[in-house]
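Peer 1: Before we start, here is the structure in question, set down as structure tokens.
Please treat every number below as a calculation from the coordinates, not as lab data. Keep in mind that what you see is a predicted model, and the values were worked out from it rather than measured. Quick reminder, even Gly has a Cβ in these numbers, built from the backbone with ideal geometry, and neighbours come from all protein chains shown.
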Amino acid sequence: MFDYDWFYGEHFAEQRDEASWRCALSHFPDLTREDAHDNAEFNEFWDSIRLRTLIYLRDGFSYELKGLATVASKSQLTFECEPVDEHYKVGAFVITVPFEDVSRIEVFAVQNTEMPDDAPAITGFRTRAEGPPQS
């Protein structure tokens with residue numbers, strides 16, 4: 001399902017745009033998409049929306065995408081991830097994964113002042129992947 005065109009073409013941009021619209025319109029239920037950008041309050045809210053993109057891999061790891069990397073090879077996904085651990089925030093983490101290892105993409109749109117304190121669990125910095133739950 002996920003490939004180079006999904007990330008660098010229109011599909012990823014559409015998902016990000018849809019998340020922004022749904023976030024903004026949930027705060028302005030009387031507006032439609034057609035007339036929303038004519039509303040000054042809506043535009044102010046729209047400009048303050050923050051997007052967080054989480055990439056889930058088949059091995060159970062997940063990463064928050066900070067930005068897609070521009071590299072020559074298009075056969076895998078290369079991106080900078082947002083480090084969770086404070087020790088790693090001083091540099092840049094660039095990850096490369098095969099497209100077929102991507103199992104799900106989540107885009108969380110939220111207005112800056114409404115960002116929850118508890119962030120989604122990002123597991124890409126675990127020391128090892130967890131196995132299946134023990135019964």
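Peer 1: Counting alpha carbon pairs within less than 8 Å and at least 6 residues apart, what relative contact order, in whole percent, applies to the range 4-114?
Peer 2: Values: 148 pairs, mean separation 33.4, N = 111.
So the answer I get is 30 percent.
Peer 1: May I pose another question? Please list, by residue number, everything in the range 1-43 whose backbone N is under 11 Å from a paramagnetic label point 7 Å out along Cα→Cβ of Phe99.
Peer 2: Hits in the range 1-43 for Phe99 at 11 Å: 1-9.
Peer 1: Could you please rank Tyr63, Tyr56, placing first whichever residue has the fewest other Cβ atoms within 10 Å of its Cβ?
Peer 2: Details: Tyr63 23, Tyr56 17.
By the 10 Å Cβ count, ascending, the order reads Tyr56, Tyr63.
Peer 1: Under a point spin-label approximation (7 Å from Cα along Cα-to-Cβ), what is the Ala13-Glu86 distance to one decimal in nm?
Peer 2: The two pseudo-label positions are separated by 3.9 nm.
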